[in-house]
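Just so you know, all these numbers are worked out from the coordinates, no wet-lab data involved. Note that this is a predicted model, so its numbers are computed, not measured. Virtual Cβ from ideal backbone geometry, glycine too; neighbours counted across all protein chains shown.
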Amino acid sequence: MAPNGQRLIYIYMERIIERTEDGSATLFVPELNEHYHSVKGARTESQHIFIDMGLKASAAPRPRILEIGFGTGLNALLTLETAEQEQKAVCYTGIELYPLSWEEADTLHYSDNPLFRELHTSAWEKEVNITPYFTLHKIQGDIKTLRVENGELKIAVRHNNPHNAPACPPLAASGVSVGFDVVYFDAFAPEKQPEMWSEELFRNIYAGMNANGILTTYCAKGAVRRLLQSVGFTVERLPGPPGGKREILRASKTKEQPIKAGAATTPHRTL
């Protein structure tokens, strides 16, 4: 039962804990032959791609963040820690179709901070103030159905649906207005879940972002770069995390203004 009294559905996928090269853990999904985070370093990857190249590159005074794939909650944890350190208020929306239970997340030992537990046990489909600097809104929904309509996110929400609910429930208002400053695109790889990397999804994400908004992703494939460009983004190839992928992508919604100077300390290419 979710903390707000509604029933939260955990759709079972086998997940195996594996240790990565920086000592932090990740989950392996045999069904997809895919990991939640890089085996080269789960925490290192998330810090570099989503915090250093995403959140810290945003000039928004009160950034609104959308995470595509809430997953283990690691990206949310690192964002919360950064918000607290910098005393910068963040509004965070995370979408996840297959949420982990707290018992599963706890086995990863990402943090002893009780706030990590709160990230996982807080109510879904509801805005929750975790700290004065971090507000969380989790949505258990099918990301590939995401649409932007009348200034609001709409998505096929599975929360509080019975186990025999239709595979694709009707779109519902999420209660989240658009106007995102940073998007963490952390879906499983295109070859594992190609439907998550569609032009339609990126077009809706683009429509839901503020001017000068930033999207970062670990995937630097040429097809993904061209897809991002086709919906209007200006795309940069940036160096990947230490010891990990050679390059990552950062996409911005504006062509007129560069993103915040100094966010990347190593050379990069604008395409």
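How big is the gap, in Å, between the Cα center of the range 105-130 and the Cα center of the range 17-89? Distance between centres, Cα-based: 14 Å. Amide H contacts under 5 Å for ILE214: VAL182, VAL183, restricted to partners 5 or more places along the chain or on a different chain, H placed in the peptide plane at 1.01 Å from N. Computed packing ranks the peptides 40-53, 76-89, 110-123 as 40-53, 76-89, 110-123, most packed first, by mean other Cβ atoms within 10 Å.
Backbone amide hydrogens, once placed in the peptide plane, bring SER24 within less than 5 Å of ALA42, ARG43, excluding anything fewer than 5 places away on its chain. If the chain linking GLU195 and GLU127 were pulled fully straight, counting 0.36 nm for each residue of separation and taking away their Cα-Cα distance, it would gain 21.7 nm.
Annotation for LEU115 and GLU34: the two label points, set 7 Å from Cα along the Cα-Cβ direction, are 3.0 nm apart.
Could you pull out every one of the lysines with an alpha carbon less than 17 Å from that of LYS88, ignoring same-chain neighbours closer than 8 positions? The reachable lysines, counting only those whose Cα sits under 17 Å from LYS88, are LYS56, LYS260. The modelled label-to-label distance for the pair TYR98/SER230, using points 7 Å beyond Cα in the direction of Cβ, is 2.7 nm.
Close amide H pairs (under 5 Å, H built 1.01 Å from N) link TYR92 with ILE65, THR135, LEU136, HIS137, residues at least 5 positions away or on another chain. Cross-link reach is defined here as a Cα-Cα straight distance under 26 Å, omitting same-chain residues fewer than 8 places apart; for LYS154 the lysines meeting it are LYS126, LYS138, LYS144, LYS192, LYS253.
Would you please state the base-10 log of I(q)/I(0) at q = 0.15, 0.18, 0.24 1/Å for the range 26-77, with intensities from the Debye formula using one equal scatterer on every alpha carbon? Debye intensities relative to I(0), on a log10 scale: -0.47, -0.64, -0.98.
Only alpha carbons enter this Debye calculation for the range 1-151, each as an equal point scatterer, and the log10 of I(q)/I(0) it gives at q = 0.11, 0.15, 0.19, 0.20 Å⁻¹ is -0.42, -0.81, -1.32, -1.45. Exposure proxy shown here: for PHE233, PHE28, the number of other Cβ atoms within 10 Å sets the order, fewest to most, as PHE28, PHE233. Modelled label positions at GLU152 and ARG62, each set 7 Å beyond Cα in the direction of Cβ, lie 2.0 nm from each other.
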